[in-house]
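*Asks:* The structure follows.
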Amino acid sequence: QRFDGYLTILCNGGVVDWWWKNGDNAQPFFGITYTKPDDLPGNFYPDYIVSLTDGRLGLIETKGQGDDDPKTPLKSESLQDYLTDINNDTARPRAGKYFGGIAMDQGGHWYYFNRETGISFEEFSANPNQGCSCRDNWFTL
């Protein structure tokens, strides 16, 4: 719910055009396939789909700082792979404009992990402010 409020502030500030709270599971919701710790396929459903006023579209999965769920790094890797694939798919209308990752709150400011940060997911999970600042990157990218 804290991320909902954060997105509402960014909507009012003219950065976010719209956002949608994705469902937890089931066919009508947007899911990404990943390999679970037991090496079986599974789906996860990013918490938010965020459209920015500059045309970029974000897929955000929120977690608490220090999240130790063994599935989270696997979901993060699958989400980053998915974003790379759709950004390189020139048949998509927003090719090159997709972004996202696992987001964590630190001190009331949200940060998200992506491969461009140059740190591991484990380093990000321990100290989210090493990731991409949602506010700063969404304003300037």
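*Asks:* Once amide H atoms are built 1.01 Å from N in the peptide plane, which residues 5 or more positions from I102, or in another chain, come under 5 Å H to H?
*Replies:* When sequence neighbours closer than 5 places are left aside, the close amide H contacts are E61, F113.
*Asks:* Hey, another quick one. Share of Cα-Cα pairs in the stretch 81-141 beyond 13 Å, in percent?
*Replies:* The calculated P(r) of the stretch 81-141 puts 62 percent of pairs beyond 13 Å.
*Asks:* Continuing with the same structure: Rg(Cα) of the chain divided by 2.2 N^0.38 Å?
*Replies:* Compared with the compact-globule rule of thumb, the chain sits at 1.00.
*Asks:* Can you tell me how much longer the chain between C11 and Q106 gets when fully stretched, taken as 0.36 nm per residue apart minus their C-alpha distance, in nm with one decimal?
*Replies:* Stretched out fully, the C11 to Q106 stretch lengthens by 32.1 nm.
*Asks:* Go ahead and run the numbers for FRET between L40 and D67, Cβ-Cβ distance against an R0 of 35 Å, rounding to 0.05.
*Replies:* Efficiency, from the Cβ-Cβ distance: 0.95.
*Asks:* To continue, here is another question. Ranking request for peptides 28-36, 73-81: highest mean number of other beta-carbon atoms within 10 Å first, then the rest in descending order.
*Replies:* 73-81, 28-36
*Asks:* Per residue of the stretch 19-33, in order, report the coupling 6.51 cos²θ - 1.76 cosθ + 1.60 (Karplus, θ = phi - 60°) as ³J(HN,Hα) in whole Hz, putting x for Gly and Pro.
*Replies:* These are the phi-based 3J(HN,Hα) values: 9, 9, 7, 5, x, 7, 5, 4, 4, x, 9, 7, x, 10, 6 Hz.
*Asks:* Tell me, in nm to one decimal, what length is gained between E122 and R2 on full extension, where the rule is 0.36 nm per residue of separation less the Cα-Cα distance?
*Replies:* So the chain would gain 40.9 nm between E122 and R2.
*Asks:* Share of the stretch 47-141's accessible area from carbon and sulfur, percent, 1.4 Å?
*Replies:* 45 percent
*Asks:* So, one more: Under a point-charge model restricted to the Cβ atoms of Lys and Arg (+1) and Asp and Glu (-1), what is the dipole moment magnitude of the chain relative to its Cα centre, in debye to the nearest 20?
*Replies:* 460 debye
*Asks:* Name the long-range amide H neighbours of G23: under 5 Å, sequence gap of 5 or more, or other chain; modelled H, no Pro or chain starts.
*Replies:* Here F30 satisfy the definition.
*Asks:* Here is a follow-up. I'm a student and want to see the number: the projected area of the Cα convex hull of the stretch 1-72, averaged over all directions, in nm².
*Replies:* Reported value for the Cα convex hull: 5.7 nm².
*Asks:* On a full-extension model of 0.36 nm per residue, what is the gain between R92 and S51, subtracting their alpha-carbon distance, rounded to one decimal in nm?
*Replies:* 13.2 nm
The values are calculated or read from the model by the stated rules, or taken from the named source; none is laboratory data. Here the structure is a predicted model, which is why all the values come from computation and not from measurement. Cβ atoms come from the backbone with ideal geometry, glycine included; neighbour counts cover every protein chain shown. Surface accessibility is based on the protein's heavy atoms, side chains included, excluding ligands, DNA and RNA. Shrake-Rupley method; radii C 1.70, N 1.55, O 1.52, S 1.80 Å.
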